[in-house]
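Worksheet: the structure to be examined is printed underneath.
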Amino acid sequence: MSTATITEVRQYLTFRVGEEVFALDVAKVREVLDLVPITKIPRTPEFMRGVINLRGGVVPVVDLRCGFNMPAAENTVNTCIIVVEVALDNEIVIIGALADQVEEVIDLEPDQIQPPPKIGALVKTDFLHGMGKRGSGFLMILNIDKVFSPEELGAVKR
């Protein structure tokens with residue numbers, strides 16, 4: 001879903017990681033959970049915080065701060081887990097993504113979404129579907145399938 005393919009109003013879940021506001025297409029979001037105990041698994045990548053029990057199923061939890069190269073932070077009363085569907089090798093994988101705070105579900109018109117910035121060859125922005133206009137600022141619309149590389153997600157899937 002590039003910005004060229006967004007032709008109707010879509011709903012997005014907005015959330016914060018650090019001071020930044022991000023958005024996910026609600027079609028990729030299964031649910032939002034209060035922070036629950038996360039079981040750390042030894043010898044996993046740094047971005048993988050561990051796994052949670054979701055109605056008897058094992059769901060890996062990733063730290064978006066690591067994926068965005070942000071400094072670590074303590075969990076707060078607002079820290080939550082956004083359970084999302086991620087496409088990996090023609091398969092849907094369910095993962096939890098830690099966020100500092102969920103804000104709201106918003107509607108964005110196609111004309112409120114700009115393409116991701118072109119910053120140069122060394123800075124990758126392929127994890128962004130676009131930049132959504134909200135008030136006088138922008139929020140980053142994530143392509144959750146590309147926040148972590150296929151190799152990283154492959155480690156989570158196993």
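Tell me which residues, restricted to the range 25-37, are assigned to a strand (DSSP E or B) and either surrounded by fewer than 20 Cβ atoms within 10 Å (Cβ to Cβ) or in contact with a Phe, Trp or Tyr (Cβ under 6 Å, 6 or more places away or on another chain) (or both). Walk me through it before giving the result.
Step one: filter the range 25-37 for residues assigned to a strand (DSSP E or B), giving 25, 29-34.
Within the range 25-37, D25, R30, E31, V32, L33, D34 qualify.
In the range 50-69, what residues are at pLDDT 90 or above and either in a strand (DSSP E or B) or farther than 20 Å from K40 by Cα (or both)?
Across the range 50-69, the qualifying residues are G50, V51, I52, N53, L54, G57, V58, V59, P60, V61, V62, D63.
Out of everything in the range 126-158 that is assigned to a loop (DSSP other than H, G, I, E, B) and more than 14 Å from the chain's Cα centre (by Cα), what residue ends up being modelled with the lowest pLDDT? Spell out the reasoning first.
Our first condition is that a residue be assigned to a loop (DSSP other than H, G, I, E, B); within the range 126-158, this holds for 126-127, 135-136, 143, 147-149, 158.
Add one more test, that the residue is more than 14 Å from the chain's Cα centre (by Cα), and what stays is 135-136, 158.
Working: G135: 83, S136: 85, R158: 49.
Result: R158.
Quick check on P45: is it within 20 Å of Q101 (Cβ to Cβ) and part of a loop (DSSP other than H, G, I, E, B)?
Spelling it out, it is not the case that P45 is within 20 Å of Q101 (Cβ to Cβ) and part of a loop (DSSP other than H, G, I, E, B).
Out of all the residues in the range 16-67, which are without any contact (Cβ under 8 Å) to a residue 60 or more places away in the chain, of a type in the set (A, V, I, L, M, F, W, C) and closer than 30 Å to E109 by Cα?
Across the range 16-67, the qualifying residues are A27, V29.
Find the residue count for the range 65-102, including only residues that are within 18 Å of A27 (Cβ to Cβ) and charged (D, E, K, R).
Matching residues across the range 65-102 total 2.
The values are calculated or read from the model by the stated rules, or taken from the named source; none is laboratory data. Quick caveat: nothing in here was measured; it's all calculated off a predicted structure. With ideal geometry, Cβ positions are generated from the backbone for all residues, glycine too; neighbour counts draw on all protein chains shown.
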